[in-house]
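These notes concern the structure reproduced below.
The values are calculated or read from the model by the stated rules, or taken from the named source; none is laboratory data. Since the model is a prediction, treat every value here as computed from it, not as a measurement. Cβ placement follows ideal geometry from the backbone for every residue including glycine, while neighbour counts extend to all protein chains displayed. Keep in mind that these areas ignore ligands, DNA and RNA; they rest on the heavy atoms of the full protein, side chains included. Shrake-Rupley method; radii C 1.70, N 1.55, O 1.52, S 1.80 Å.
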Amino acid sequence: KSINSDQILIGTTKYGVLKWNKKQNKYSTLFTDPRTKKDLFVRDILIFNEHILWYATENGLYMHNISNDTYTNHKKSHNNKWGISDNAIYNLLKDNEQGIWAGTYFAGVNYYHPNNNHIHKIYATGETNSIQGNVVRAINQDKHGFIWIGTEDAGFSKWDKLKNKFSNYSTSTNTIDNDNVHGLIQVDDKIW
């Protein structure tokens, strides 16, 4: 991810988040596991604004304030019904309402809005009006505000948040040829 024209953020499998200065051709560590100072597997980085970065990691969801180098780590806790559903976070999306969507590997999608202090979980419930898979590999929002959720285990879903209605596309609905979706992108009026 690019912070600006001179700096690139790189998520690593062991060393957290590195910052590369293109002009100086130098790397520096921006964020690592606060306990071990290394060994943080970062799968996605979201630039929320010029001060706040979000990291999707195997150790939960991190919000990092880079102006004062403070962080919050959202982790799964069985006793916290408002916490995240799983620590293996694979992808992040900031929607047009400034909400953060986090796709997990084992437990659906988590939604966090800075105006609230809890996380809303979206699971595969087996009902028609829900996502169908739990292994979320892609989240995207189209220009109409619909949230698209791609999964490894059950195709993809379109969620109309205003109507709270899910439309599902999978091999079981005969709408796609393979249920293993790893990426979604909007091009004009189409989702690929």
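No other residue among Ser28, Ser67, Ser77 is more than 30 Å from Asp142 (Cα to Cα) and part of a strand (DSSP E or B) apart from Ser28. Whenever a residue of the range 25-37 is of a type in the set (S, T, N, Q), its partners that are in a loop (DSSP other than H, G, I, E, B), lying with C-beta atoms within less than 7 angstrom and at least six residues away or across chains, give the pairs Thr29/Gly16; Thr32/Gly16; Thr32/Lys38. Go through the range 1-13 and give me each residue that's at pLDDT below 90 and assigned to a loop (DSSP other than H, G, I, E, B). The answer is Lys1, Ile3, Asn4, Ser5, Asp6. In the range 57-66, the condition of being surrounded by fewer than 12 Cβ atoms within 10 Å (Cβ to Cβ) and either over 13 Å from the mean Cα position of the chain (by Cα) or closer than 21 Å to Asn117 by Cβ (or both) is met by no residue. Checked against the criterion of being touching a residue at least 40 places away in the same chain (Cβ under 8 Å) and closer than 25 Å to Ser157 by Cβ, the candidates Ile45, Ile3 yield just one match: Ile45. Name the residue that is nearest to the chain's Cα centre (by Cα), counting only residues in the range 146-170 that are of a type in the set (Phe, Trp, Tyr) and assigned to a strand (DSSP E or B). So, considering only residues that are of a type in the set (Phe, Trp, Tyr) and assigned to a strand (DSSP E or B), the one nearest to the chain's Cα centre (by Cα) is Trp148.
Before we move on, is Asp160 within 23 Å of Gly126 (Cα to Cα), acidic (Asp, Glu) and at pLDDT 90 or above? Against the criterion (within 23 Å of Gly126 (Cα to Cα), acidic (Asp, Glu) and at pLDDT 90 or above), Asp160 qualifies. Residues that are hydrophobic (A, V, I, L, M, F, W, C) and farther than 19 Å from Trp101 by Cα were ranked within the range 155-192; the one that is least open to solvent (accessible area, probe 1.4 Å) is Ile176. Any residue in the range 38-55 that is farther than 25 Å from Val181 by Cα, in a strand (DSSP E or B), open to solvent by 70 Å² or more (accessible area, probe 1.4 Å) and modelled with pLDDT of 90 or more? No - not one qualifying residue is present in the range 38-55. Those residues that are under 13 Å from the mean Cα position of the chain (by Cα) and open to solvent by 40 Å² or more (accessible area, probe 1.4 Å), I need them from the range 88-105; list them, please. Passing the criteria: Lys94, Tyr105. Could you tell me how many of the residues in the range 15-35 are within 19 Å of the chain's Cα centre (by Cα) and more than 12 Å from Ile45 (Cα to Cα)? The qualifying residues number 2.
A search for C-beta distances below 8 Å between a residue of the range 155-180 that is aliphatic (A, V, I, L, M) and any residue that is part of a loop (DSSP other than H, G, I, E, B) and open to solvent by less than 80 Å² (accessible area, probe 1.4 Å), counting only pairs 6+ apart in sequence or on different chains, returns Leu162/Gly145; Ile176/Gly155; Ile176/Ser170. If you check Lys121, Lys143 for being basic (Lys, Arg), in contact (Cβ under 8 Å) with a residue 24 or more places away in the chain and assigned to a loop (DSSP other than H, G, I, E, B), only one passes: Lys143.
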